[in-house]
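Here the structure is laid out as structure tokens; the discussion comes afterwards.
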Amino acid sequence: MQLEQYIKAELEKPEKDILLMTHIVLGYPSLEVNREVIQQMVDNGVELIEMQIPFSEPMADGPTIVQANQEALETGISVADCMAFGKEMCATHDISFLFMTYYNIIYKYGVENFFRKSKDYGITGFIIPDLPPEEGQEFLGLAKKYEISPILIYAPTSTDERMQTLDSYADGFMYCIARKGVTGQQTDFDTEFDHYIGRCRAATNLPLAVGFGISSREDITYLTGKADIGVIGTATINLVNNEGATAVGPFIKGLRG
Amino acid sequence: MATPGYYGKWGGAFIPEVLFETFKELNIAFAAAKADPSFWQEYLDLMSTYSCRPTPLTYAENISKHLGGAQIYIKREDLNHTGAHKANNVMGQGLLVKRMGKKRVIAETGAGQHGVATATMAAKFGFDCTIYMGEEDVMRQRPNVFWMEKLGATVIPVTSGTKTLKDAINEAFRDWVTDMEDTHYVMGTVCGPHPFPEMVAWFQSIVGTEAVEQISKFAGKLPKRVYACVGGGSNAIGIFQGFLDTPEVELVGVEAGGLGLDSGQHAARLSSKDSSPGVAQGYHTMFLQNDDGQMNDTYSVSAGLDYVGVSPILTDLWEQGKVRFEAATDSEVMAALDMTMKMEGIIPALESSHAFAQAYKEAGELSPDDAIIINMSGRGDKDIFTVAHAYDDPSWKEFIIKKGAEYAA
Ligand SMILES: Cc1ncc(COP(=O)(O)O)c(C=O)c1O
């Protein structure tokens with residue numbers, strides 16, 4: 001509930017037609033760099049950040065994020081390090097932070113313990129791409145109890161009926177993946193996408209976030225008026241790889257307005 | 001079973017949302033096929049004409065006498081077309097793909113046997129075929145890579161993670177989430193999200209059904225024990241299903257002991273203390289992972305057993321005490337392979353040799369009145385490079401050096 005209110009309040013601010021959510025792989029290339037990148041993002045107006053706790057089997061991710069997960073783990077980063085970093089970010093910045101990871105990380109940590117700590121820190125939502133609601137009854141119950149939004153996913157392959165079912169479990173916002181496939185490749189926005197996003201809008205009253213392959217000002221302009229949040233993932237990872245953390249600020253600034 | 005896809009608390013379908021409809025469709029098609037006796041008949045006809053079913057049960061007379069214990073029988077899955085039990089599952093899924101009207105198949109492979117079987121099925125049925133194989137496995141099972149390509153498949157070496165079977169599974173899923181309308185993922189073992197464990201177990205049950213009949217005929221009684229190697233668990237669950245209702249038959253799953261259970265260099269999930277419950281690759285089972293839930297880099301001389309997880313069906317049977325799990329080390333496996341070749345004229349795959357090794361360790365404990373069955377999941381031809389290397393065979397090395405020089409020239 002709190003996450004949805006935050007999003008709606010942000011959207012009411014003048015000249016905010018669309019919000020930005022960015023993605024960070026924790027520990028890639030280091031927490032130091034993560035810290036710097038997040039600072040740049042926050043300074044340039046990002047409203048939400050999903051922090052990915054690395055996993056050895058990132059099944060839903062594309063090559064860039066797969067490699068980032070792997071290299072992060074090779075530095076020896078632990079889940080405890082990621083949690084401590086999440087706590088620090090929530091305490092430092094006045095925006096919304098979510099954890100994104102695969103279910104095994106939470107399962108091994110202890111599902112309730114993970115919720116309790118995250119709530120303490122001020123984390124607002126969880127995105128778990130390999131946990132459909134059918135398998136996540138305990139998880140969804142705890143999400144209610146701890147008031148952390150379980151972010152569910154709409155895909156172009158989701159039927160209207162499925163979208164409604166997902167809506168009955170979801171909270172905060174709906175994460176609409178712009179196309180089939182894994183993270184990373186470019187998305188072509190066309191009439192097929194418009195039809196899909198129209199179906200998403202009809203199926204839920206929650207704000208809509210659109211992610212996968214969004215990397216430019218043109219993409220964000222296209223999404224404005226159609227979606228409520230544009231999600232930037234692989235694009236900033238590539239940017240940091242190629243040009244360093246300081247390139248992130250100007251890039252984010254240039255996406256809107 | 002309370003919830004479909006669950007075996008005790010193991011199994012499930014932890015799938016990304018984008019595949020929800022694909023799985024729904026697959027579940028419906030599979031349930032319809034299972035309920036239709038003509039489907040199974042079509043399967044049996046295919047397996048008896050395109051493959052060599054029923055596969056024989058061979059009495060290993062020389063080794064039985066040599067060890068002086070139980071009479072040893074070998075279920076010859078190596079005599080299937082393409083040389084392993086993998087064909088049982090693949091041809092069944094191929095028929096299902098035809099029913100679903102899909103045009104492309106993808107698969108992961110470790111030892112390459114599942115990949116070769118899938119490429120063969122695709123060639124026969126006219127499907128496009130892409131096989132994902134860890135780069136490490138491409139190196140150690142090179143003959144199978146060659147045949148897959150010659151059969152018309154595209155083989156994609158997987159360079160992420162530990163470059164073995166689990167990484168090939170991840171990569172196959174990444175393909176499937178991109179292209180699901182026309183594509184079926186032919187999962188090669190009794191793992192992954194529901195309905196795969198149930199489906200693969202069903203097609204592999206043909207092994208157990210034949211084995212019960214054959215042993216009753218030849219030995220005049222049920223076996224005391226049945227041995228099968230366990231990677232994901234498909235050949236094991238295949239033969240075990242013939243004996244689940246007769247508790248007097250002890251079922252023994254043999255995992256890869258690698259360099260020994262104390263070395264940390266192994267792939268023993270249920271026979272070591274190193275695994276714990278987890279959720280990965282779409283299902284809940286016992287995984288070799290660290291305290292944070294990151295998967296370990298497993299080790300085995302055999303690519304097909306070098307895997308972090310294990311069938312949820314077997315984990316449930318293990319928990320109920322219905323299957324005993326043991327591990328055979330690389331060196332025990334080489335010794336068993338050597339003895340089987342020299343004394344019986346049979347060349348088991350390195351995977352299958354794990355079952356032989358454990359059976360040979362235990363045969364002496366039993367009486368000559370007892371019978372045991374070893375499931376020979378596949379033939380060893382594919383392992384020629386690995387086995388020759390282990391023998392440190394001088395004439396083979398000389399041949400490779402000459403051949404290398406010829407190509408380099
Ligand atoms: C000959 C052979 N046996 C056994 C296995 C292990 O698989 P499973 O445990 O599913 O039978 C493989 C897998 O590649 C194989 O090729």
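How big is D, in µm² s⁻¹, for segment A:3-255 by Stokes-Einstein at 25 °C and 0.890 mPa s if Rh is the Kirkwood radius over C-alpha pairs? Intermediate results must be reported in sequence, preceding the final value.
Numbers: Rh = 18.1 Å.
The estimated diffusion coefficient comes to 136 µm²/s.
Which of B:Asp370, B:Asp179, B:Asp292 ends up with the largest GNM mean-square fluctuation for chain B, with Cα atoms connected below 10 Å?
Evaluated over chain B, the most mobile residue of the options is B:Asp292.
Using a Gaussian network for chain B with springs between C-alpha atoms less than 10 Å apart, which of these wobbles most: B:Gly134, B:Gly238, B:Gly282?
B:Gly282
Per-residue Cβ counts within 10 Å, from other chains only, averaged over A:60-70: what number is that? All intermediate terms of the calculation are to be shown ahead of the outcome.
Details: counts 9, 3, 2, 3, 0, 0, 7, 2, 0, 3, 3.
Partner-chain Cβ atoms within 10 Å, mean over residues of A:60-70: 3.
List every residue whose amide H lies under 5 Å from the amide H of A:Ile232, counting only residues 5 or more places away in sequence or on a different chain, with H placed 1.01 Å from N in the peptide plane.
For A:Ile232, the qualifying residues are A:Met21, A:Thr22, A:His23.
So what's the gap between the Cα centers of segment B:299-328 and segment A:107-185, to the nearest angstrom?
After rounding, the separation between the Cα centres reads 32 Å.
Would you mind giving the mean number of other chain beta-carbons within 10 Å of the Cβ of each residue in A:132-140, as a whole number?
Working: counts 10, 1, 7, 11, 1, 0, 0, 0, 0.
The per-residue average across the peptide is 3.
Just to confirm a number: summing +1 for Lys and Arg and -1 for Asp and Glu over residues other than B:Arg104 whose beta-carbon lies under 12 angstrom from that of B:Arg104, what do you get?
On the way: positive: B:Lys102, B:Lys103; negative: B:Asp128, B:Asp175, B:Asp179, B:Glu181, B:Asp182.
So the surrounding residues net to -3.
Determine the sum of side-chain charges near B:Leu44: Lys and Arg each +1, Asp and Glu each -1, restricted to other residues whose C-beta is under 11 angstrom from that of B:Leu44. Please list the in-between numbers first.
Working: positive: B:Arg53; negative: B:Glu42, B:Asp45, B:Glu210.
That works out to -2.
Can you give the extra length, in nm with one decimal, that the chain gains between A:Asn238 and A:Glu12 once fully stretched, where that is 0.36 nm per residue apart less the Cα-Cα distance? Working shown, then result.
On the way: separation 226, 0.36 × 226 = 81.36 nm, distance 3.17 nm.
The span from A:Asn238 to A:Glu12 would gain 78.2 nm if fully extended.
Take the alpha carbon gyration tensor of segment A:116-246, find the square roots of its eigenvalues, order them as a ≥ b ≥ c, and report rounded if a/c is under 1.5; if not, report prolate when a/b exceeds b/c, else oblate.
On the way: a/c = 2.04, a/b = 1.21, b/c = 1.68.
Because a/c hits 1.5 or more and a/b fails to exceed b/c, segment A:116-246 counts as oblate.
Averaged across the residues of B:282-290, what count of C-beta atoms belonging to other chains lies within 10 Å of each residue's C-beta?
On the way: counts 3, 1, 4, 0, 0, 3, 0, 4, 4.
Average per residue, whole number: 2.
Once the convex hull of the C-alpha atoms of segment B:261-409 is built, how many Å³ does it hold per residue, rounded to a whole number? Write out the running numbers ahead of the final one.
Values: hull volume 24.1 nm³, N = 149.
In segment B:261-409, the Cα hull volume divided by residue count equals 162 Å³.
Short version: ³J(HN,Hα) in whole Hz for each residue of segment B:336-345, in order, from phi by Karplus 6.51 cos²θ - 1.76 cosθ + 1.60 (θ = phi - 60°), x for Gly and Pro, what are they?
5, 4, 4, 5, 5, 5, 5, 9, 10, x
What translational D, rounded to a whole number of µm²/s, comes out for segment B:1-123 from Stokes-Einstein when the hydrodynamic radius is the Kirkwood one over Cα pairs, at 4 °C and 1.567 mPa s?
Answer, rounded: 75 µm²/s.
With no solvent and one point per C-alpha, what does the Debye sum give as log10 I(q)/I(0) for the protein assembly as shown at q = 0.10 Å⁻¹?
-0.92
Can you tell me which of A:Val37, A:Val182, A:Val25 moves the most in a GNM of chain A? Springs connect C-alpha atoms under 10 Å apart.
A:Val182
A:Lys145: which aspartates and glutamates have alpha carbons under 16 Å from its alpha carbon, excluding same-chain residues fewer than 8 sequence positions away?
Excluding near neighbours in sequence, the set is A:Glu112, A:Asp120, A:Asp171.
Mind pulling up the Rg/Rh value for segment A:39-156? Radius of gyration and Kirkwood radius, both on Cα.
On the way: Rg = 14.1 Å, Rh = 14.9 Å.
Dividing the radius of gyration by the Kirkwood radius yields 0.95.
I want the local charge near A:Gln2. Using Cβ-Cβ distances under 15 Å, sum +1 for each Lys or Arg and -1 for each Asp or Glu among the other residues. Don't skip to the end; give the middle numbers.
On the way: positive: A:Lys8, A:Lys119, A:Lys144, A:Lys145; negative: A:Glu4, A:Glu10, A:Glu47, A:Asp94, A:Asp120, A:Glu147, A:Asp171.
Residues near A:Gln2 contribute -3 overall.
Evaluate Rg over Rh across chain B, taking Cα atoms for both radii and Kirkwood's formula for Rh. Intermediate values should be presented prior to the final figure.
Details: Rg = 20.1 Å, Rh = 21.2 Å.
Value, to two decimals: 0.95.
Bear in mind that the values in this text are calculations on the coordinates, not laboratory data. Values in this document were obtained by computation on a predicted structure and should not be read as measured data. Cβ: placed from backbone, ideal geometry, glycine included. Neighbour counts: every protein chain shown.
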